[in-house]
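Quick notes on the structure that follows.
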Amino acid sequence: MGFYFAQFLTGLANASSLFLIASGLSIIFGVTRIVNFAHGSLYMLGAYFAYTLITTLDAGGFGFWTGVILAALIVAVIGAVIEILVLRRIYRAPELFQLVATFGVLLIIQDVTLAIWGAEDLLGPRAPGLSRAVRIFGEPIPEYDIALIIIGPVVLGLIWLLFSRTRWGVLVRAATQDREMVGALGVNQRWLFTSAFMVGAFLAGLGGALQVPRESVSLLMDLSIIGEAFVVVVIGGMGSVTGAFVAAVIISVLNAFGVLVFPQISLVLPFLVMAVVLIVRPYGLFGTAASAHGPPTVPEAPMKPMSIAGIAVVAAAVALVALLPRLDDGFILVLMIDVLIAMLFAASLHFLMGVGGMVSFGHAAYFGLGAYAAALAVKALGLPMLAAMAFGPLVAALGAMIFGWFCVRLSGVYLAMLTLAAAQILWGVTFQWQSVTGGDDGILGVWPARWASSKPAFFYLALVLSVAGLVLIRHLAHSPFGYVLRGGRDSPIRTEAIGIDLRAHQWLGFILAGAFAGLAGVLFAFSKGSVFPDALSIGQSIDGLIMVLLGGVQALIGPIFGASAFVLLEDYISRLDYWRAILGGVILVIVLAAPNGIAGGLSGLWQLVRGGRKTGERA
Amino acid sequence: MLEVAALNTFYGQAHILTDIALTVGGNEVVALLGRNGAGKSTTIKSIMGLVRPRSGSIVYDGEEILGAPAFRVCRLGIGYVPEERRIFTELTVEENLEVGRRPARENAPEWTVERLFHLFPNLAERRRQAGGRLSGGEQQMLTIARTLMGNPRLVLLDEPSEGIAPLIVEQMARVIAEMKREGLAVLISEQNLHFSRLVSDRAVIIEKGAVRFAGTFADLDADPEIAKTTLAI
């Protein structure tokens, strides 16, 4: 009995810091509609600043709590800077831009933190006066945990007061529903957004600062918390602070007991709970459908089939690439194989997002499924390479079929979050299921068949499969099936009103996108000779999003440019110190300066050259 | 008070408003008439700064406001009552009014919550209820009251009689008369000729985004062809 109660209290204490970061995320989303990937970074910064302040200020209780509050205030100011410099410029951009931009901020903060505090984990002091344990039902409970259990509801109460008893709170709640109307009533949304972002950043910083006595401060804090924070926000309902509290308690308490029954569950459990909640309540426990009065969006320009000249140029480019092994059969060839795989992966994601209008934050799931399926087919089933290559996309398609069935029932951010959850569940499974997947050690020795083992031979194989995949994706986008998907993307209600079962089409689109990503994964596994859980990680999903963004969402050729640019860029800058900050900077420059991506930029140039009129409004 | 000239607004490539010109004098009620899709709402949104016109001029009180963001236009003294009401459904009636509250303005009537509750007794009874739980007519009253909380000098009313019960339409007419009595200027977009005749001093008719008629109702009656061809009667 005592043991279980202690476990329950530990869960509640964990819930407090999770609630703090998630409530901030939720407030920011509610007002700005931005999914802030950098929120974990603000949490991490809170911990680092608190560490420095607490250890510099005198060690008494006064110094500790002052340090915690000061750290949160500093993070609030940093949040304001981020909002003014970056987010303010992209409120009208599609979700993809916002997500990738905040990911760029995350990368920069990671390197800045590394430069200031170094790579070593920092062990903070315990909270003065709360460093011992009390016995409850005979079990030792750290006093600090009890303090945290009290702090959570207190902060919830303060936020509630702020939102219901102040004019600022009323305005924020109104803006959460209809920003444009709030503006038409004379409220300067800019400062409302900045201040809401500051409150959110303050809460994240506070959450991080309060963790100092509990865990060592490290550079991994940002990504390790952000996944769970997303889950909590989605379960609670995006924009609902009460929901964030309830969800944080549910997740943390379930986790505290879950690990007793099944120790490996902690990586998967939050995402499982989220998937279940989203299926039962598509807007989370306390959420409501977002207002239709968002910012005015520019209708997407129709995709045009390629002209004869265009086809000739592409064919010539493919022929030129095919000559590559004559020039070099070493490093450049390996890099080109990477580019081809990335192109196929990015094109499959683009098909899902650009054509299907379904934004996925977890497309790596199907890339990884393909890679693992092929690797296991070779190692465990003893299949020959070509059979394994066919097996991979099939398994990926099967996975996409299962997860897609749930995903197409949602839309927008909730859809994106469920795809993320699916990818995280699979990642957790590959990571934990050591007897089959090898866990962290991965699967090694996945080499191509003898005839394809030389670099040029594998290069041709990759070239044939990728080009075939790309041509097929193109073909699908311009088929009646593609028209239905694009119709559904632009106006789901009208599409259904003319008698189309949109959900079924979207499901099929999801499966196809998964299968092509699986094919890319298969090529990846054989080109590297190994597979690791990284293949399904958030990082891999984000890489795909960056490629699509780099290339531009509006053209089918976009992902091809984007993937090439990304692989070459990453290959170059990953050799530099602080490459994350450089990559983050590049991402921000592209999002802010060239929102149409490389392909959009090129077609803009082309139109300038031809003296043609610009099509559509360029924001 | 308001002078709109040569206003051109586009949605993407589509030319919605062509050289719209209209004026509203101080303490004048002007009806902006036209069929569905004629461009009434777009005209009002263009004035309010919710849609950005490509060219033209909108002079309010001697100041060019074309291109100004909506919150600035509002702060200059133009109130906007949207067609779809756009009540904050999860906020109480009082909180909805709070969102609209602006400081008092010289030469404009000053509205308080209590004054508005006097004008709209139904709202007073429901002051602590969520906006989303009000009936359609009550929501229509709330959206007007919310705009008046900003103490405007000119109110843009987008289709106030649309989709509400006849009894409420009568009440609406009284409210507009009250606004005029208080010294406000009002621009009402309407499809209902009878209602606009009841409440307004002058009419401007637009068709396919261009002005077809501007004048008094007597002028309009003198040539029945105009109303017949431009309005859905």
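Each value in this text was obtained by applying a stated rule to the coordinates, not by laboratory testing. Nothing here was measured: the structure is a model prediction, and the numbers come from that model. No Cβ is skipped: glycine too gets one built from the backbone with ideal geometry, and neighbour counts run over all protein chains shown.
Sort A:HIS475, A:HIS363 by Cβ crowding within 10 Å, fewest neighbours at the top. Let's see the in-between values first.
Working: A:HIS475 11, A:HIS363 32.
Going from sparsest to densest Cβ surroundings: A:HIS475, A:HIS363.
Using R₀ = 45 Å, calculate the FRET efficiency as 1/(1 + (r/R₀)^6) where r is the Cβ-Cβ separation of A:LEU57 and A:ARG503; round to 0.05.
Working: r = 58 Å, r/R0 = 1.28.
My answer for the efficiency is 0.20.
Report the calculated FRET efficiency for A:ALA380 and B:HIS15 (r = Cβ-Cβ distance, R0 = 45 Å), to the nearest 0.05. The partial results should precede the final answer.
Values: r = 64 Å, r/R0 = 1.43.
The computed FRET efficiency comes out at 0.10.
Distance in nm between label sites at A:ALA317 and A:LEU592, each 7 Å beyond Cα in the beta-carbon direction?
Inter-label distance under the simple model: 2.9 nm.
Counting only other chains, and only Cβ atoms inside 10 Å, what mean value do you get across the residues of B:82-89?
Numbers: counts 5, 0, 4, 1, 9, 4, 12, 4.
For peptide B:82-89, the averaged partner shielding equals 5.
Between B:ALA210 and B:THR112, how many nm apart are label points set 7 Å from Cα along the C-beta direction?
Rounded to a tenth, the inter-label distance reads 5.2 nm.
Pairs of alpha-carbon atoms within less than 8 angstrom and 6+ residues apart define the contacts here; what relative contact order does chain A have, in percent?
Working: 1056 pairs, mean separation 120.7, N = 619.
So the answer I get is 20 percent.
What does a probe at B:THR229 reach in the stretch B:35-49, counting residues whose amide N is under 11 Å from the point 7 Å along Cα→Cβ?
Within reach of a label on B:THR229: no residues.
What FRET efficiency do you get for B:ALA165 and B:ARG35 if R0 is 22 Å and r is their Cβ-Cβ distance, rounded to the nearest 0.05?
Working: r = 23 Å, r/R0 = 1.03.
It comes to 0.45.
Could you please rank B:HIS118, A:HIS39, A:HIS505, placing first whichever residue has the fewest other Cβ atoms within 10 Å of its Cβ?
Working: B:HIS118 11, A:HIS39 32, A:HIS505 20.
Going from least to most buried by this count: B:HIS118, A:HIS505, A:HIS39.
Taking only C-alpha pairs under 8 Å that are 6+ residues apart, what is the relative contact order of the stretch A:309-546 in percent? If you can, show how the numbers build up before the last one.
Numbers: 375 pairs, mean separation 97.4, N = 238.
Averaging sequence separation for qualifying contacts and normalising by length gives 41 percent for the stretch A:309-546.
Averaged across the residues of A:173-183, what count of C-beta atoms belonging to other chains lies within 10 Å of each residue's C-beta?
Numbers: counts 5, 11, 2, 3, 8, 7, 0, 5, 13, 6, 10.
Mean number of neighbouring Cβ atoms from other chains: 6.
Which order do A:VAL155, A:VAL280 fall in if you start with the one that has the fewest other Cβ atoms within 10 Å?
Numbers: A:VAL155 20, A:VAL280 8.
Placing the least packed residue first, the sequence is A:VAL280, A:VAL155.
Quick check: residue separation of A:ALA119 and A:ILE573 times 0.36 nm, minus the Cα distance between them. What number comes out in nm? Working shown, then result.
Working: separation 454, 0.36 × 454 = 163.44 nm, distance 1.97 nm.
Contour length minus Cα-Cα distance gives 161.5 nm.
Got the relative contact order for the stretch A:438-518 handy, in percent, Cα pairs under 8 Å and 6 or more residues apart? Kindly include the intermediate steps, with their values, before the conclusion.
Details: 25 pairs, mean separation 13.4, N = 81.
For the stretch A:438-518, the relative contact order is 16 percent.
Take each of the peptides A:259-269, B:28-38, A:242-252, A:88-98, average the number of other beta-carbon atoms within 10 Å over its residues, and list them starting from the highest. Display every interim value, and only then the final one.
Numbers: A:259-269: 14.5, B:28-38: 21.1, A:242-252: 24.9, A:88-98: 18.3.
Most protected by this proxy first, the peptides run A:242-252, B:28-38, A:88-98, A:259-269.
Over the residues of the protein assembly as shown, compute the C-alpha Rg and express it relative to 2.2 N^0.38 Å.
Relative to the 2.2 N^0.38 Å estimate, the protein assembly as shown comes out at 1.05.
If you count, for each residue, the other Cβ atoms within 10 Å and average over each peptide, how do A:311-317, A:369-375, B:205-211, A:70-76 line up from highest to lowest? Could the numbers behind the result be given before it?
Working: A:311-317: 11.9, A:369-375: 31.1, B:205-211: 19.7, A:70-76: 23.3.
Output ranking for A:311-317, A:369-375, B:205-211, A:70-76: A:369-375, A:70-76, B:205-211, A:311-317.
Where Lys and Arg each count +1 and Asp and Glu each count -1, what net charge lies around B:ARG75 among other residues with Cβ under 11 Å from its Cβ? Intermediate values should be presented prior to the final figure.
Numbers: positive: B:ARG72, B:ARG102, B:ARG105; negative: none.
Summing Lys/Arg as +1 and Asp/Glu as -1 gives +3.
Starting from the Cα-Cα distance between A:ALA390 and A:GLU143, subtract it from 0.36 nm times their residue separation and give me the gain in nm to one decimal. Don't skip to the answer; put the middle values down first.
Values: separation 247, 0.36 × 247 = 88.92 nm, distance 5.75 nm.
Taking A:ALA390 through A:GLU143 to full extension adds about 83.2 nm, to one decimal.
So how do A:355-362, A:168-175 stack up, highest first, on mean other-Cβ count within 10 Å? All intermediate terms of the calculation are to be shown ahead of the outcome.
Values: A:355-362: 25.6, A:168-175: 21.1.
So the peptides A:355-362, A:168-175, ranked by packing, come out A:355-362, A:168-175.
Count, for each residue of B:58-71, the Cβ atoms from other chains sitting within 10 Å of its Cβ, then give me the mean as a whole number. Show your work: numbers first, answer last.
Details: counts 0, 0, 0, 0, 0, 0, 0, 0, 0, 0, 0, 5, 10, 11.
Taking all residues of B:58-71 together, the mean is 2.
In whole Å, how far is the Cα centre of the stretch A:44-109 from that of the stretch A:520-568?
So the separation of the two Cα centres works out to 30 Å.
Which length gain, in nm to one decimal place, applies between A:VAL464 and A:TRP191 when the Cα-Cα distance is subtracted from 0.36 nm times their residue separation?
Numbers: separation 273, 0.36 × 273 = 98.28 nm, distance 5.35 nm.
Answer, rounded to one decimal: 92.9 nm.
Whole angstrom only: what separates the Cα centroid of the stretch A:395-447 from the Cα centroid of the stretch A:227-255?
Computed from Cα coordinates, the inter-centre distance equals 22 Å.
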